[in-house]
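A short worksheet on the structure shown next.
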Amino acid sequence: RPRLIAFALAVFVLASIIYRYAVPALVEVAVLVTPPVVPKMMSAGTLKTLDRVTFGPSKLLEAQQAEIRDDFTRITANAEGGAGRYHLNFRDGGLIGPNAFALPDGNLVLTDQLVELAGGDKEMITAVLGHEIGHVEYKHSLRQLYSAAGVAGLVLLIAGDVGSGVHDVLTQGGGLLALSYSRQAEAQADRRSVELMLAAGKDPAALSRFFDLLEAKLDDHGDTSMLSTHPGTPERKQAILDYARELKEKQARTGG
């Protein structure tokens, strides 16, 4: 049936164009018009849920927390919005284990297990937090949310009223497609960590030691990390070292 085949091809081409150009454009518009109250509501709800089902109170000593907060304050002083925009929360990670992440409103969470994994390398912890600050500055979480919603909407628009099983597969598949933005987002956040660490007078390549740690303790030696949408550990580590060297050379030439 030539007409049916032609129609199917036209739908496929149109959907590809919408996904490639229209969805990213609409995501940027949505990010620009999102009022500040929305990220705050999202963050408050997310943290409340995690505290209820996953996290526990931090068991770190007050002195440990104070040292980490001091370094955190030093790097946030050079971040977008200044130190007042960001707040560091300590939690026992429970089943999540060693982790750090940023919520859209500037709240960051650092688990006891990540601090324990880092040992006495405080600069490495600060560099990881600098990476998370980068996610906040670039509004990566909002972009990810809107992108996933846009792709899911596109899939449902094309698929129409399908069975519940197929519906779930298509919707979740659309969400996975949207995760392709994560590769660029992680690279941007890595570079921002390097910049913030250098501006605070700390080792700009400290984040690379975090990937050394992942390779050594979590046996992550592959070209791709646990999520295939993220750059692999060796690739990211080398990019961090190269960018840190580039910034230090530039600083030396300018005398800054």
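The values are calculated or read from the model by the stated rules, or taken from the named source; none is laboratory data. This one's a predicted model, so the numbers in the text were calculated from it and none came from an experiment. Don't worry about glycine lacking a Cβ; one is built from the backbone with ideal geometry, like all the others, and counts go over all protein chains shown. With ligands, DNA and RNA removed, areas are computed over all heavy atoms of the protein, side chains included. Shrake-Rupley method; radii C 1.70, N 1.55, O 1.52, S 1.80 Å.
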**Q.** Kirkwood estimate for segment 13-67, i.e. one over the average of 1/r between Cα atoms, Å
**A.** 15.1
**Q.** Derived scalar couplings ³J(HN,Hα) [segment 67-76; Karplus, 6.51 cos²θ - 1.76 cosθ + 1.60; whole Hz; x for Gly, Pro]
**A.** 5, 5, 4, 4, 5, 4, 5, 5, 7, 5
**Q.** Neighbourhood charge, 11 Å Cβ-Cβ cut-off, centred on VAL31 and excluding it, Lys, Arg +1 and Asp, Glu -1
**A.** +1
Q | Fraction of accessible area attributable to carbon and sulfur, segment 1-111 (%, probe 1.4 Å) | A | 66
Q. Sorted by accessible area (1.4 Å probe), largest first, how do THR54, THR76 line up?
A. THR54, THR76
Q. Looking at segment 78-153, what % of its DSSP beta bridges pair antiparallel, to the nearest 5?
A. 40
Q: Return one whole number: the accessible area per residue of segment 1-128 in Å², for a 1.4 Å probe.
A: 58
Q: Project the alpha carbons of segment 22-128 onto their principal axes and report the range along each, largest first, in whole Å.
A: 46, 34, 22
(Q) Check which residues have an amide H placed less than 5 Å from ASN107's amide H, if you skip close sequence neighbours. (A) HIS87
Q) Each residue of segment 205-212 in turn: what ³J(HN,Hα) in whole Hz from Karplus with 6.51, -1.76, 1.60 and θ = phi - 60°, glycine and Pro shown as x? A) 9, 4, 5, 4, 5, 5, 6, 4
(Q) Could you give each residue of segment 192-201 its phi-based ³J(HN,Hα) in whole Hz, using Karplus coefficients 6.51, -1.76, 1.60 with θ = phi - 60°, and x for Gly or Pro? (A) 5, 4, 4, 5, 5, 5, 5, 5, 8, x
